[in-house]
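A.B. asks: Sharing a structure here in structure tokens format.
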Amino acid sequence: MSTDEKFEDDLIYAISRTGDAFQAEGTALLSGGLRRGRRRWRRGSAAAVAGGVTALALVATGGVYLAGAGGGQPVTVAAADGSGAPASGTGAPDAGAPGTPVPSASAASAAAVTGEQMAGLLKALLPPGTVTVTGSRGSAGTGNQPPGAPYASVVFDDGHGQAAIQVGVQRQAPGDASLLDQVKCPDPKFQPAGVVCTSTPLADGSTLMVLQGYEYPDRRVDTKAWSATLAGRDGRLVQVQEWNAAKEKDAPITRPAPPLTPAQLGALVTDKSWDAVVQALPTPKPQSPATGKEYSAEEILAITAGLLPAGLTESETGGQPGYANFVLNDGKGKSMVELNVQDWSRALKDHQQGTAKDGDVVEQLFAKARTLPDGTKVVFEKGADKAAVWRVDSLRPDGMRVVVGAYTAGGPKQPSVRTAPALTEAQLEAIATSPLWVLKK
């Protein structure tokens with residue numbers, strides 16, 4: 001994969017998953033899942049078994065990977081009004097490289113935006129400081145590469161330490177229901193301590209999410225990653241990210257916090273300067289509506305509520321298609337429960353016929369399974385994130401796969417508050433193997 005291809009994949013993935021930046025990292029249940037094209041950027045699949053416990057299929061990232069960085073000369077940027085506030089960038093004649101004016105907001109959609117112009121737009125919107133461009137890409141593609149997601153990345157120094165700042169622009173079909181998914185704050189149960197997120201509807205019908213988090217959800221280092229994402233009615237997704245280090249990963253922390261405040265991040269992505277970039281991108285066709293064969297989070301929660309032991313009720317619920325989670329509290333401390341419900345009939349057929357092309361994930365996951373009288377394969381495993389988790393993975397002969405896990409805390413990133421989850425192994429198995437889970441046709 002070329003540098004540009006890798007950047008484009010990672011950029012789109014990161015923009016579309018920022019809302020779940022800490023939601024699924026190291027917590028979701030399925031491993032070896034088959035990729036589902038319509039959620040290509042929201043959910044990745046893994047085909048590995050880690051440490052004897054099923055690896056996790058919902059994968060999230062807190063940052064955009066921006067490749068193709070080239071060294072640039074430092075440029076000093078001053079506010080347009082000399083006040084020290086971020087420049088508006090609107091109509092800035094010198095925002096791009098010399099001699100390459102930025103297209104106006106009324107330019108034809110075919111007018112391409114160059115990487116130099118992307119970098120110029122970003123520089124014009126930053127507060128006073130020294131800016132070194134480390135990478136950029138325009139809307140027209142480069143060489144043999146097709147048009148892609150424009151981006152720019154810089155190292156910014158306002159005198160208080162270098163910081164990486166990156167911006168990217170993507171366009172989806174106007175009215176696409178998944179747009180709002182990108183600006184939905186992550187489930188609090190999956191956030192490490194110190195993460196702050198707000199999602200705010202704006203007067204023009206767009207939605208702005210600002211997330212103050214960390215580069216690594218497990219906080220193995222304290223590199224902070226802050227971002228703002230704008231989802232507009234015209235299908236735009238504009239995202240800026242910043243770090244308190246000169247690179248997003250594997251770089252020393254240079255300052256206590258990233259340089260731009262949450263208000264400045266919001267002002268940057270909502271600036272009208274990005275209109276020209278959005279117009280330079282083709283308008284995608286609306287995605288085909290969902291077939292309805294997948295269980296919604298609401299359906300999973302409703303079925304599971306009727307399968308819980310007497311006296312236990314769901315609280316702090318969350319989820320997405322094929323996945324749901326909630327918290328139980330039996331008076332001995334919170335215990336989060338999560339479920340994946342998926343149609344694995346194709347994977348099971350490939351396993352039975354020996355035609356699996358990407359590895360026999362059924363064999364990997366259920367080689368040591370116990371088989372029930374009706375042919376359902378069941379695996380019970382214990383593992384740990386920060387809290388301990390007990391997990392039952394089940395696969396019926398018709399391909400219905402249900403995985404249920406319960407934690408010894410109110411979230412996987414939280415310390416254990418109890419010695420065992422609120423549900424026993426038998427109770428987890430009863431939920432996973434319930435006949436109420438029926439393949440949708």
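A.B. asks: So what is the relative contact order of region 180-335, in percent, for Cα pairs below 8 Å that sit 6 or more residues apart?
C.D. replies: 13
A.B. asks: Take each of the peptides 236-246, 158-168, average the number of other beta-carbon atoms within 10 Å over its residues, and list them starting from the highest.
C.D. replies: Details: 236-246: 25.3, 158-168: 21.2.
Going from most to least packed, we get 236-246, 158-168.
A.B. asks: Among 250-258, 395-403, 303-311, 177-185, how do they line up from the highest to the lowest mean number of other beta-carbon atoms within 10 Å?
C.D. replies: Numbers: 250-258: 15.7, 395-403: 21.2, 303-311: 13.3, 177-185: 18.3.
Descending packing order for the listed peptides: 395-403, 177-185, 250-258, 303-311.
A.B. asks: Using the beta-carbon distance between Thr132 and Thr198 and R0 = 41 Å, what value does 1/(1 + (r/R0)^6) give for FRET efficiency, to the nearest 0.05?
C.D. replies: Calculated transfer efficiency: 0.85.
A.B. asks: Which order do the peptides 199-208, 268-277 come out in when sorted by mean C-beta neighbours inside 10 angstrom, highest first?
C.D. replies: Highest mean packing first, the order is 268-277, 199-208.
A.B. asks: Related question: Given contacts defined as C-alpha pairs under 8 Å and at least six residues apart, what's the relative contact order of region 257-340, whole-number percent?
C.D. replies: On the way: 71 pairs, mean separation 16.1, N = 84.
RCO, region 257-340: 19 percent.
A.B. asks: Would you grab the residues whose amide H sits under 5 Å from the one on Val113? Only those 5+ places off in sequence or on another chain, please, with H modelled 1.01 Å from N.
C.D. replies: So Val113 has HN proximity to Ser139, Ala140.
A.B. asks: Calculate the spin-label point distance for Ile253 paired with Ala367, positioning each point 7 Å from the Cα along the beta-carbon direction, and give it in nanometres.
C.D. replies: Reported label-point gap for Ala367 and Ile253 is 4.1 nm.
A.B. asks: How about Lys413: which lysines have a C-alpha closer than 27 Å to its C-alpha, ignoring those fewer than 8 places off in the same chain?
C.D. replies: Filter leaves Lys184, Lys189, Lys224, Lys247, Lys249, Lys332, Lys334, Lys382, Lys386.
A.B. asks: If you roll a 1.4 Å probe over the heavy atoms of the protein chains, what accessible area per residue do you get for region 231-300, in Å²?
C.D. replies: Ligands and nucleic acids excluded, the result is 46 Å² per residue.
A.B. asks: Please report the net charge: other residues with Cβ closer than 12 Å to the Cβ of Ala152, K and R +1, D and E -1. Provide the component values of the computation, followed by the final result.
C.D. replies: On the way: positive: Lys123, Arg137; negative: Glu116.
Taking every other residue near Ala152 into account, the sum is +1.
The values are calculated or read from the model by the stated rules, or taken from the named source; none is laboratory data. None of the values given here were measured: they were computed from a predicted structure. No Cβ is skipped: glycine too gets one built from the backbone with ideal geometry, and neighbour counts run over all protein chains shown. Surface accessibility is based on the protein's heavy atoms, side chains included, excluding ligands, DNA and RNA. Shrake-Rupley method; radii C 1.70, N 1.55, O 1.52, S 1.80 Å.
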